[in-house]
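No lab work stands behind these numbers, since they all come straight from the coordinates. Owing to the predicted nature of the structure, the values given are computational and were not obtained by experimental measurement. In this analysis, Cβ positions are derived from the backbone assuming ideal geometry, glycine residues included, and neighbour counts consider all displayed protein chains.
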Amino acid sequence: MVVGTQWGDEGKGKFTDLLARDMDMVVRYQGGHNAGHTLVVEGQTFKLQLVPSGVLYPHVTPMIGNGVVIDPRVLLDEVDRLSAAGVDCGRLKISGNAHLILPYHQTLDVVAERHLGRNKLGTTKRGIGPAYADKAARVGLRVQDLLDPKIFREKLGVVLHEKNPLLAKVYNRLPFDIETLANQYLEECRPRLEAHIADTVGLVHDALEGGQNVLFEGAQAMFLDLDHGTYPFVTSSNPVAGGVCVGAGVGPRHIDRVIGVTKAYISRVGSGPFPCELTDEIGDHLVDVGREYGTNTKRRRRCGWLDTVMLRHAVRVNSLSDLAITKLDVLDALDPIKVCVAYEVDGERRDSMPYHQSEIHRAVPIYEELPGWCTDLSGVGDRAALPREAEDYLRFIEEQAGVPASLVGVGPGRDQFISFSPVS
Ligand code: GDP
Ligand code: IMO
Ligand code: MG
C-alpha cells in the first residue's frame with residue numbers, strides 16, 4: 001500500500017500510478033474528493049479525486065472501497081473528464097457499502113467552517129466531515145441505497161427531518177426538498193453508477209486468492225488522520241495503514257509492503273500546527289519551485305524543511321517498510337538544506353512526537369544542516385548519477401527514519417524517478 005507520511009500532497013498519486021503498472025487492482029480505502037492526486041504522463045496531466053490512480057492502465061481494475069465517502073455527481077464528472085481524455089473507466093468498481101456525500105453535507109461543511117471563524121479548520125468544503133459524522137451516527141445513506149428508490153427516499157426523509165431545521169434555525173439556510181433531491185440522485189446518478197456498484201471486499205479477496213497483485217492507495221496522510229493526526233486540524237477518516245483493513249475489508253496479514261510517501265520537504269494546506277513552517281523567502285521558494293498550490297482547491301500550501309520527528313512517528317504508526325521520497329528536485333537550488341531532527345519544547349529536547357497537542361504548537365525545530373547539490377536533478381534517471389550531496393541527503397533521511405528509501409522523485413512526470421536500490 002501507498003500512504004502519505006506528512007499532511008498530504010506528498011505525491012501519492014504519482015507513485016501509485018508508477019507502481020500500478022505491475023498491479024491487477026488499485027483500491028482507494030478512505031477519504032473522498034478532498035483528495036487531489038496528480039499524474040503527469042507523457043506531458044498530459046490528470047487530476048484525480050475519487051478514481052484510483054491505477055485507472056490509466058487498461059489491465060488494472062480501479063476500485064473505490066467501502067471506507068470512501070462518495071459524492072456521486074463529482075465521481076460522474078471525473079469519469080466524464082477521464083473519458084474525454086481517452087481514459088476508459090468502464091472497469092471501475094464502487095463499493096455498495098461506501099457512504100454518499102449529499103448536498104446537505106457540503107452545505108453543513110461550509111456553514112460550520114464559517115461559524116468557527118478564526119478557529120476554522122480550513123477544510124476542503126467538500127462535505128467530508130459531515131458525511132463521516134452521519135456514517136458514525138448511523139444515519140448516512142450508502143451507495144447501495146441508490147439501488148432501492150423506496151429505501152433511498154425513506155432514509156433521506158429521516159435524515160432531512162433533522163438536517164433541515166439545523167440548517168434553517170442554526171445556520172439560516174434554506175431547507176432541502178426530499179423529492180427534488182431523491183429524483184436528482186435516483187434519476188441522474190443511479191442509472192450511470194449501477195453497473196459499477198459491486199461487492200468490492202469479495203473482489204479484493206478473489207484477486208488475492210488468485211495470486212493477483214493489489215495496491216491500496218491512501219489519500220490524505222498520517223498527520224491528517226482522525227486518530228493520529230494533529231486533531232482537530234485533521235480530516236474525518238483514517239488514512240494510516242491500519243485504515244486499509246477497515247476501509248477495504250482486508251486483514252493486516254494481507255499487507256506485505258507499506259510505502260510511505262515523503263516529500264523531500266513538507267507542506268500543509270489548511271489550519272493547524274506546523275513546527276517547521278517557513279514564512280520567509282525559503283518558504284516562498286519551496287512554494288514557487290514546488291508549485292505548492294492545491295490540486296483542486298488551488299489554495300497556497302504552507303511549506304517548510306523536512307521534519308524527521310514526524311517521519312519517525314509515521315514509520316511506527318504505519319509500520320512503513322520503505323519510503324518513496326518525492327520532489328527532491330525542488331531543493332536543487334538551496335544550499336544549505338536543513339532537516340529537523342528533534343524539537344525543543346519548553347527548553348527540553350524531544351526526539352519523538354509529543355502526544356500533547358499544545359506541545360506540538362510550542363515545539364521549536366532543532367535542525368541539522370546539510371550541503372546542497374546546486375545541480376538540476378530533473379533529468380537524472382539512476383542513482384549512480386546523483387551528485388554526492390543528494391545521495392548524502394537521501395541517506396540522512398533513511399538514517400533518521402530507520403527505513404530505506406526505494407524510490408525517489410525528481411520531477412512530476414511518470415518517468416522522472418530514480419530507483420534507489422543499492423548501487424551495484
Ligand atoms: P498527492 O495528493 O499525494 O497525490 O500529491 P498531489 O498530486 O496533490 O501533489 C503533488 C504534486 O507534486 C503534483 O503536482 C505532482 O505532479 C508533483 N510531483 C510529484 N512528484 C514530484 C517530483 O518528484 N518532483 C516534482 N517537481 N513534482 C512532483
Ligand atoms: P491528498 O490525498 C492535503 C486537509 C484540508 C484541511 C483538513 C480537513 O491530495 O493528499 P477535509 O475537507 O478533509 O475535512 O479537510 O484536511 N486535507 C488535505 N490536505 N491533501 C489532501 O489530500 C487533503 N485532504 C484534506 O486542507 O486542513
Ligand atoms: Mg493532493
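Once you have a ≥ b ≥ c as the square roots of the Cα gyration tensor eigenvalues for segment 272-424, tell me rounded if a/c is under 1.5, and otherwise prolate or oblate according to whether a/b is larger than b/c. Prolate shape, in that a/c is at least 1.5 and a/b is the bigger ratio. Pairs from the list Lys12/Lys169; Lys47/Lys150; Lys135/Lys338; Lys93/Lys135; Lys47/Lys135; Lys93/Lys155 with a Cα-Cα gap above 31 Å: Lys12/Lys169; Lys47/Lys150; Lys135/Lys338. For segment 65-155, applying the loop criterion from DSSP together with a ceiling of 11 other beta carbons within 10 Å to the trypsin sites (Lys or Arg not before Pro) yields Arg138.
Counting only DSSP H runs of at least 4 residues, each contributing -39500 (n - 2.57), and dividing by the residue count of the chain, the helix-based mean residue ellipticity at 222 nm comes to -9000 deg cm²/dmol. When DSSP assigns beta bridges and you keep just the ones with both residues in the chain, what percent turn out antiparallel, to the nearest 5? Within the chain, antiparallel bridges account for around 45 percent of the total. Determine the shape class of segment 115-231: with a ≥ b ≥ c the square roots of the Cα gyration tensor eigenvalues, call it rounded for a/c under 1.5, and otherwise prolate if a/b is greater than b/c, oblate otherwise. In terms of gyration-tensor shape, oblate.
Charge tally around Arg299: other residues with Cβ under 12 Å, Lys/Arg +1 each, Asp/Glu -1 each, net +4. For the chain, a crude dipole built from +1 on the beta carbon of Lys and Arg and -1 on the beta carbon of Asp and Glu, taken about the Cα centre, is about 1320 debye to the nearest 20.
Once Lys and Arg get +1 and Asp and Glu get -1 on their Cβ, which of Thr262, Gly290, Leu76 lies farthest toward the positive end of the dipole of the chain? Checked the options; the winner is Leu76.
Put simply, when 329-341, 246-258 are sorted by average Cβ atoms within 10 angstrom per residue, most first, you get 329-341, 246-258. Loop-located trypsin sites (Lys or Arg not before Pro) in segment 1-43 (DSSP state not H, G, I, E or B) with no more than 16 neighbouring Cβ atoms inside 10 Å: Arg21. Net charge within 15 Å of Ser319 by Cβ-Cβ distance, Lys/Arg positive one each and Asp/Glu negative one each, not counting Ser319 itself? The answer is +1. Across segment 141-146, computed HN-Hα scalar couplings (Karplus, 6.51 cos²θ - 1.76 cosθ + 1.60, θ = phi - 60°) run 9, 10, 3, 5, 5, 5 Hz from first to last residue, x flagging Gly and Pro. Looking at the square roots a ≥ b ≥ c of the eigenvalues of the Cα gyration tensor of segment 77-148, which shape do they give, rounded for a/c under 1.5, prolate if a/b is larger than b/c, or oblate? Since a/c reaches 1.5 but b/c is at least a/b, the shape of segment 77-148 is classed as oblate.
Taking a straight Cα-Cα cut-off under 20 Å and skipping sequence neighbours fewer than 8 places away in the same chain, the lysines within cross-link reach of Lys120 are Lys298. Whole-Hz Karplus values for segment 52-63 come out as x, 6, x, 4, 6, 9, x, 8, 9, 8, x, 9 Hz, taken residue by residue from phi with 6.51 cos²θ - 1.76 cosθ + 1.60 and θ = phi - 60°; glycine and proline positions read x.
Look at His313, His356 and count the other Cβ atoms within 10 Å of each Cβ; fewest to most, that gives His356, His313.
Across all C-alpha atoms in the chain, the radius of gyration and Dmax reach 21.7, 69 Å. What do you get for the angle between helix 103-116 and the principal long axis of the chain? Use alpha-carbon atoms, 0 to 90 degrees, nearest ten. With both axes taken from Cα atoms, the answer is about 50 degrees. In terms of overall dimensions, the C-alpha atoms belonging to segment 10-127 reach 46, 31, 24 Å along their principal axes, ordered largest to smallest.
When you filter the chymotrypsin sites (Phe, Trp or Tyr not before Pro) in segment 347-408 for DSSP loop state and at most 14 other Cβ atoms inside 10 Å of their Cβ, you are left with Tyr355. Summing +1 for each Lys or Arg and -1 for each Asp or Glu among the other residues whose beta-carbon sits under 12 angstrom from that of Gly243 gives -2.
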